């Protein structure tokens with residue numbers, strides 16, 4: 001049985017972690033490897049941060065993705081809630097994990113384009129202000 005973060009065993013493990021059980025003890029309590037327990041622990045921390053900082057609908061998308069959301073971990077680490085909201089609002093449960101890093105790249109490219117456009121607008125504005133004086 002695959003550990004997805006949304007399956008029954010994963011949910012039980014997440015509850016156990018939430019109650020204070022150490023990650024190293026999880027493999028003795030459930031039929032999972034230590035690596036899977038570590039992944040679930042990371043996912044649990046992401047869920048906590050998401051619940052605190054994202055709107056309910058977006059938080060539900062994090063839960064819907066399960067362990068796939070670990071591919072968005074850099075955005076959680078940077079606390080880029082705006083970027084996460086933008087990415088998570090466009091995904092579905094059918095979104096593949098390989099697509100998530102591509103969405104991060106697309107977000108960065110979009111921000112770069114906006115930054116360039118903003119620089120252009122600012123320079124034109126400055127030019128017009130100087131011309132007006």
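The values are calculated or read from the model by the stated rules, or taken from the named source; none is laboratory data. No experiment lies behind these values; they were computed from the predicted model shown. Using ideal geometry, Cβ is built from the backbone for each residue, glycine included, and neighbour counts are taken over all protein chains shown.
Okay, residues lined up against (1) under 27 Å from residue 9 (Cβ atoms); (2) under 12 Å from the mean Cα position of the chain (by Cα); (3) not in a helix (DSSP H, G or I):
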{"residue": "52", "(1), (2), (3)": "yes, no, no"}
{"residue": "66", "(1), (2), (3)": "yes, yes, no"}
{"residue": "70", "(1), (2), (3)": "yes, yes, no"}
{"residue": "84", "(1), (2), (3)": "yes, yes, no"}
{"residue": "125", "(1), (2), (3)": "no, no, no"}
Hey, does segment 88-95 have a residue that's surrounded by 12 or more Cβ atoms within 10 Å (Cβ to Cβ) and either assigned to a helix (DSSP H, G or I) or at positive phi (or both)? yes
Which condition number does residue 46 fail, the rest of (1) over 11 Å from residue 67 (Cα atoms); (2) modelled with pLDDT of 95 or more being met? (1)
What number goes with the only condition from (1) assigned to a loop (DSSP other than H, G, I, E, B); (2) under 22 Å from residue 97 (Cα atoms); (3) out of contact with any helix residue (DSSP H, G or I) (no Cβ under 8 Å at 6 or more places or on another chain) that residue 6 does not pass? (3)
Is it the case that some residue within segment 33-47 is within 20 Å of residue 5 (Cα to Cα) and in a loop (DSSP other than H, G, I, E, B)? yes
